[in-house]
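I have placed the structure first, in the form of structure tokens, so that the comments after it can refer back to it.
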Amino acid sequence: MSCPEPINPKQALYIKLGYGGAHADECIREGVLYIGYGEMEHSSCLAGDWDAAKEQLRAALNCKPGALANHVRQVKEFYIADRDTLWVTIHNRHLYWCFAQPEVTQYDQGVRLLDRQRVRGTVDGWRNTDILGNPLAIDGISSLITRTHGYRGTICRINDGAAFEYLVRKINVQETEALKHVRAERESLVTSAQALIGNLHQSDFELLIDLLFRQAGWQRLSEVGGQMKDLDAVFLAPVTQKRYGVQVKMSADGGTLADWQTACEGMDDFERLYFAVQKEVGDLGRKLVGERFELLLPDSIARNVVDYGLLNWLIEKST
């Protein structure tokens, strides 16, 4: 399957779809951009007579000259921005983006939205995913972009060069050379950590698994190892008060995993059961059955060691 075409906008504008985003649901559903300012005559805006439009707004609003000019600027942006302009908004904790058709339409009273409000159709609807279909949740987006959500007006330009470039890269799923380098270094670190994990003594490996779960914020309710049958540790998630069981093995094959799963079938008081293996024999992933069970194989353990800041501990134990 061919890769989707990347976008190549000339500029980007943030738009708030209604006061406080009140019309965002409808605009996104119907594939339109919306702006208020019904005090300004649609005919004046279409003709580009911004002096007349400014006087119409001045008669309706009591504001300072600078604020009045900013109101007119926003409406002008809405009317004149071309098809190479990237429009973005934030709604339901996601970044939405689109390109707009050139025509601006005014709806009369009783049609939809509000009386005398203007809309522009989108070229291909609003999207809240990048070009590969990955969700653009704001939790994963830089404040270079999300801070525009706090803009008090309706339309603002994303003028900052770094912000504009970041936005386009985010949608196009493109990384800077610096980020590519860091990712490659991180993968190299994970590979090295996995090699060190493979040489740990059994008691140190059990301790490492315990540290990983506790670094994740879980509380251990039992000793590690000990006399428990089929489980080496029990953890509690403090927020949910749900319990999790962990079995730690130095090595295991498909038969060992199957026997353990059979022994754990009646453990209904556990939300999830983990099987941590230092050395994998065969393809254990193909042997896993059931949604409550999860494998912790050497590569995922090594990744967690790097992510949870346990690399120094691993180096000390390996020295």
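The values are calculated or read from the model by the stated rules, or taken from the named source; none is laboratory data. The structure presented is a predicted model; accordingly, all values stated were derived computationally and were not measured. In this analysis, Cβ positions are derived from the backbone assuming ideal geometry, glycine residues included, and neighbour counts consider all displayed protein chains. For accessibility, only protein heavy atoms count, side chains too; no ligands or nucleic acids. Shrake-Rupley method; radii C 1.70, N 1.55, O 1.52, S 1.80 Å.
Figures for the structure shown
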{"quantity": "Matching residues, region 235-286, being open to solvent by less than 70 Å² (accessible area, probe 1.4 Å), assigned to a loop (DSSP other than H, G, I, E, B) and within 19 Å of ILE197 (Cα to Cα)", "calculated": "ASP253, GLY282"}
{"quantity": "All positions within region 31-46 that are part of a helix (DSSP H, G or I) and either open to solvent by 80 Å² or more (accessible area, probe 1.4 Å) or of a type in the set (Val, Ile, Thr) (or both)", "calculated": "LEU46"}
{"quantity": "Subset of region 19-30 that is open to solvent by 10 Å² or more (accessible area, probe 1.4 Å) and not acidic (Asp, Glu) - its residue that is modelled with the highest pLDDT", "calculated": "ILE28"}
{"quantity": "Selection count, region 52-66, where residues are open to solvent by 80 Å² or more (accessible area, probe 1.4 Å), of a type outside the set (Asp, Glu) and in a helix (DSSP H, G or I)", "calculated": "3"}
{"quantity": "Matching residues in region 69-88 - criterion: being within 18 Å of GLY133 (Cβ to Cβ) and part of a helix (DSSP H, G or I)", "calculated": "none"}
{"quantity": "Residue list for region 118-152, restricted to those being over 27 Å from LYS76 (Cβ atoms) and in a helix (DSSP H, G or I)", "calculated": "ILE138, ASP139, GLY140, SER143"}
{"quantity": "Any hit, region 89-100, residues being in a strand (DSSP E or B) and out of contact with any helix residue (DSSP H, G or I) (no Cβ under 7 Å at 6 or more places or on another chain)", "calculated": "yes"}
{"quantity": "One residue from ASP84, ASP108, ASP49, ASP115 being over 30 Å from ALA137 (Cα atoms), open to solvent by 50 Å² or more (accessible area, probe 1.4 Å) and either at pLDDT 95 or above or touching a Ser or Thr at 6+ places or on another chain (Cβ under 9 Å) (or both)", "calculated": "ASP49"}
{"quantity": "Residue in region 242-254 that is modelled with pLDDT under 90 and not hydrophobic (A, V, I, L, M, F, W, C) present", "calculated": "yes"}
